[in-house]
1. Over segment 25-119, give the accessible area per residue in Å² for a 1.4 Å probe, as an integer.
2. Separation between the THR128 and ALA34 pseudo-spin-labels, each 7 Å from Cα along Cα→Cβ, expressed in nm?
3. About its Cα centre, how strong a charge dipole does segment 21-139 have in debye, to the nearest 20, once Lys and Arg get +1 and Asp and Glu get -1 at the Cβ?
4. Using modelled amide H (1.01 Å from N, peptide plane; none on Pro or chain starts), what sits under 5 Å from the amide H of VAL112, excluding residues fewer than 5 places away?
5. How far apart, in nm, are the 7 Å Cα→Cβ label points at VAL45 and ALA111?
6. Explain nothing, just compute: Karplus ³J(HN,Hα) = 6.51 cos²θ - 1.76 cosθ + 1.60, θ = phi - 60°, for every residue of segment 32-37 in order, whole Hz, x for Gly and Pro.
7. Kindly rank 97-108, 128-139 from highest to lowest mean number of other beta carbons found within 10 Å of each residue.
8. Evaluate the Kirkwood expression for the hydrodynamic radius of segment 22-139, namely the inverse of the mean inverse distance over all pairs of different C-alpha atoms, and round to one decimal in Å.
Amino acid sequence: MKRTIPLLLLFACGVAGAVDDALVLRCRALPDTASRLACYEALPVAPPAEQRFGGKRLEQKVDDEPAAIRSTVRGRLDGWRHGTQLTLANGQVWRVVDDIDAVLPDLVDPAVRIERGALGAYYLQLETNNNAARVIRVR
């Protein structure tokens with residue numbers, strides 16, 4: 001058991017890269033094995049790359065962010081205008097910042113692709129047609 005904990009810790013640190021050294025030292029100092037294990041299991045882990053996509057403004061970290069993601073907009077979508085917020089199936093919320101309105105046929109859970117553009121911009125495009133809008137991630 002004593003060998004397993006350091007191996008798990010090394011794996012967690014290598015994959016996540018989000019563990020603070022002070023937190024690891026605090027866990028290491030615990031004398032009781034069960035408490036030490038519980039401490040290690042409670043260490044913060046970075047979210048997967050897709051969950052970090054577009055969150056640069058939220059987290060200020062985009063080390064291995066993908067170039068684009070695909071998802072669906074939850075519910076009905078018949079268009080957008082400046083300020084419209086779109087909630088994706090993965091829980092992310094994006095706001096349209098373009099001044100160009102889009103009027104669409106009534107779509108239910110439409111598939112979208114959000115990709116990075118130049119100078120930190122993000123663009124949401126419907127997979128069924130060429131309608132696209134500049135967006136920012138709000139959550």
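The values are calculated or read from the model by the stated rules, or taken from the named source; none is laboratory data. Please read all numbers here as calculations on a predicted model, not as lab measurements. For neighbour counting, all protein chains shown are included, and Cβ atoms are generated from backbone atoms with ideal geometry for every residue, glycine included. Side chains included, ligands, DNA and RNA excluded: accessible areas come from the protein's heavy atoms. Shrake-Rupley method; radii C 1.70, N 1.55, O 1.52, S 1.80 Å.
1. So segment 25-119 comes to 62 Å² accessible per residue, rounded to a whole number.
2. If labels sit at THR128 and ALA34, their model points lie 5.6 nm apart.
3. It works out to roughly 300 debye.
4. Excluding prolines and chain starts, which carry no amide H, the hits are SER71, THR72, VAL73, GLU127.
5. Once both label points are built, they end up 3.0 nm from each other.
6. Once θ is set to phi - 60°, the couplings for segment 32-37 become 7, 4, 5, 5, 4, 4 Hz.
7. 128-139, 97-108
8. Kirkwood radius, segment 22-139: 16.3 Å.
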